[in-house]
Amino acid sequence: MAERVERRLEERVPELEQLERVGLFSRREVKAVIKKTSALEYKIQRRALHKEDFISYIQYEINLLSLIKKRRSRIGYSFKKDEIEYSIVQRIHGLFKRATTKWKDDIQLWLSHVAFCKKWNRKIQLSKVFSSMLALHPNKPALWIMAAKWEMEDRLSPESARHLFLRALRFHPECPKLYQEYFRMELMHAEKQRREKKALEQAKMDMGEFNYSEDILNGEMAQIVWRQAIQKVKGAEFLLALLSIAKLFDFAQGLQKEILEKLQAEYANDPLMWDYMARRELEIDSLPSKEHTSKQSKALEVAHKEERCCRVFEEAVTALPTEDMWKCYITFCLWRFNRKTNCEELRRKRLEKTLSVFSQAHESRLLPALLYKQWLQILLEVDCQEKAEEVAAAATKRFSQSVEMWDVRLQLLIKRNSHALASCFQEAFQAVKDKDSLPIWILWVEWSEKVNGKAETEALYQRSLLATLPADSITMKEKYLDWAYRTGGYKKARKVFASLHESRPFSLEFFKKMIQIEKEQDSCKMFNLREYYERALREFGAREPDLWLAYIREEMSSQGKPENCGSIHWRAMKTLQGEQVESFISKYTLLQTGHL
């Protein structure tokens, strides 16, 4: 191993001599480089190799390149790059190759090598890296797309890019993303050739030696791609993705029309198709006017476009009366309503249309549960509180087991200080399953704390402990103890704790809260703290080493018996297991030395 390291260091001598000779590094810095690289070389020459050692070595060499670049910029010396930088770059390539050979499955390592090659413009090396990476990871479409884009955009080789896409589709014949990027690439290639031909024609140059295929110029290759794609990949979403790509190219009008006709013919029952057709009305411009267009007329034109969109949506919900279709319609209305405008008339029309669509969907019993909340929010914004209360009641009637719907309705009634609130809470508990009722109990007790007396609130807390499931009662116990301390002080909190300390299950926070309450008192009693700690350890001592340490810390800081610490330590060692024991020992040592 030492011989290999010495040989590698000797190979660095010419570049280090050049660094010192041209004044980029001092002799002291060269020695530091030799010392550091020697240590790194020994690490990567061991039998048991570690990926982190290679990453550290590569990062060190990259940092060295960056430093050399800064030094060159500072002193203005730009010669001898082949002897210095090229040698380092080659060594980094070698390190990457060894690492990726050893850890073939580490995609991030491959991508780091790709990024390095791109930064230093090593096209031949990068081509080899892509070939090796794709040979080992042909099951990752994103890597094929990355390689094809590089061939197309950096190497300006559409043939190579096309070849990569065709190879990728053999492995992934039904991958939508591959077809989309292949489609985009062919359109980009066609557009590039069209620009080149136009530039030559404007320059009046002889195009005899240039071979521009009319099929490629007209996007025939892209048409072949999309026709093959729709045989493998189905769905309106995929066609819409292809259409959005085609719309980026002005010469592809015929292709856009063909895709659109296919979309309308085969996906008339898909909400995405109707959504696209409706929103497309916004893109259709009115005839340009020679006169100056006022803000009012612009707003009127926008209103006309939105009306055309809504007419398409109305046709859609008639032809396809589903929740998804109504969701698309409402989402469109909300999008337009939330757009800023200085025209009050336009905003009024948008509001009316939005509320009308919400009502229609609700009457059709096709309004999704998640949209009721947005409907209520708009009604409250425009101060239609009675209507909001009516809608909330209808929502809970339709989705009677939805906790979220009841929560929205109860929040609304609380805000309005409605007299029907208590009965609504009772109605909610009858409709909602016990396992989902915790949020409603929390809302009820929090409301009761603000408006009811202590006796009523306490009775409600005690009732919640009996009504909720054991897992949910943990939260209510914590809130009950906290409320008791806030409203009745230490005595009340201790009384509540005493009434609950045998009512399992508990949370650790319940005991921590009582410990904190005791410590906040002027006359904190160690006797009480021991009781709280002992009860907490009875429940959580087997898995909470920090709880034992906190108990020991309390004993050490008090004027109690020193032997108690030893007893607690012995019990902790006996109770804890595995890694928890190791954690406890290390922290206990720090505690004894005063570092914890």
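The values are calculated or read from the model by the stated rules, or taken from the named source; none is laboratory data. Predicted model, so just to flag it, every value in this text is computed and none were measured. When we count neighbours, we look across all protein chains shown, and the Cβ atoms used for this are built from the backbone with ideal geometry, even at glycine. In case anyone asks, the SASA skips ligands and DNA or RNA and just uses the protein heavy atoms, side chains included. Shrake-Rupley method; radii C 1.70, N 1.55, O 1.52, S 1.80 Å.
Listed by chain and number, the lysines whose alpha-carbon sits under 25 Å from that of Lys492, ignoring those within fewer than 8 places in the same chain, are Lys450, Lys454, Lys477, Lys479, Lys512, Lys513, Lys519, Lys525. Shape descriptor for the stretch 315-466: Rg over Rh equals 1.06 (Cα atoms; Rh from the Kirkwood inverse mean 1/r). Residues in the stretch 1-155 average 58 Å² of solvent-accessible surface per residue, probe 1.4 Å, ligands and nucleic acids excluded.
The stretch between Ala2 and Lys197 holds 64.0 nm of extra length on full extension. This uses 0.36 nm per residue minus the Cα-Cα distance.
When only alpha carbons of the stretch 334-393 are considered, Rg and Dmax amount to 11.7, 35 Å.
A straight chain from Glu283 to Leu590 at 0.36 nm per residue would run longer than the Cα-Cα distance by 103.6 nm. Here the stretch 346-492 has 50 percent of its accessible surface on carbon and sulfur atoms, given a 1.4 Å probe and all protein chains in place.
Tyr77 exposes around 60 Å² of accessible area when a 1.4 Å probe is run over every protein chain in place. For the stretch 319-427, applying the loop criterion from DSSP together with a ceiling of 14 other beta carbons within 10 Å to the trypsin sites (Lys or Arg not before Pro) yields Arg339, Lys340, Arg365. Of all aspartates and glutamates in the structure, those lying under 16 Å Cα to Cα from Lys232, and not within fewer than 8 positions of it along the same chain, are Glu174, Glu181, Glu266.
In the chain, helical runs assigned H by DSSP with n ≥ 4 each contribute -39500 (n - 2.57); averaged across all residues and rounded to the nearest 500, the mean residue ellipticity at 222 nm is -25000 deg cm²/dmol. At a 1.4 Å probe, what is the % contribution of carbon and sulfur to the accessible area of the stretch 132-238? Carbon plus sulfur share of accessible area: 48 percent.
Within the full protein context, the accessible area of Asp275 is estimated at about 30 Å² for a probe radius of 1.4 Å. Sorting the segments 6-18, 452-464 by their mean number of nearby beta carbons within 10 angstrom, highest to lowest, gives 452-464, 6-18. Lysines within cross-link reach of Lys257: Cα-Cα under 19 Å, excluding same-chain residues under 8 positions apart? Counting by Cα, and skipping residues close in sequence, Lys257 has these lysines nearby: Lys234, Lys247. Remark: the stretch 278-418 carries 59 Å² of accessible area per residue (probe radius 1.4 Å; ligands, DNA and RNA excluded).
Computed over the stretch 155-198, the P(r) tail beyond 14 angstrom holds 52 percent of alpha carbon pairs. Against the empirical 2.2 N^0.38 Å (N residues), the chain has a Cα radius of gyration ratio of 1.46. Using a probe of 1.4 angstrom and keeping all protein chains present, the accessible surface of the stretch 521-589 works out to 59 square angstrom per residue. A simple spin-label model places the labels of Glu381 and Asp106 5.1 nm from each other, with each point 7 Å out along Cα-to-Cβ. With just the Cα atoms defining each centre, how far is the stretch 167-198 from the stretch 422-464? Give it in Å. After rounding, the separation between the Cα centres reads 61 Å.
If I stretch the segment between Tyr77 and Asp522 completely, what's the gain in nm (0.36 nm per residue apart, minus their alpha carbon distance), one decimal?
Roughly 152.8 nm would be gained on extension.
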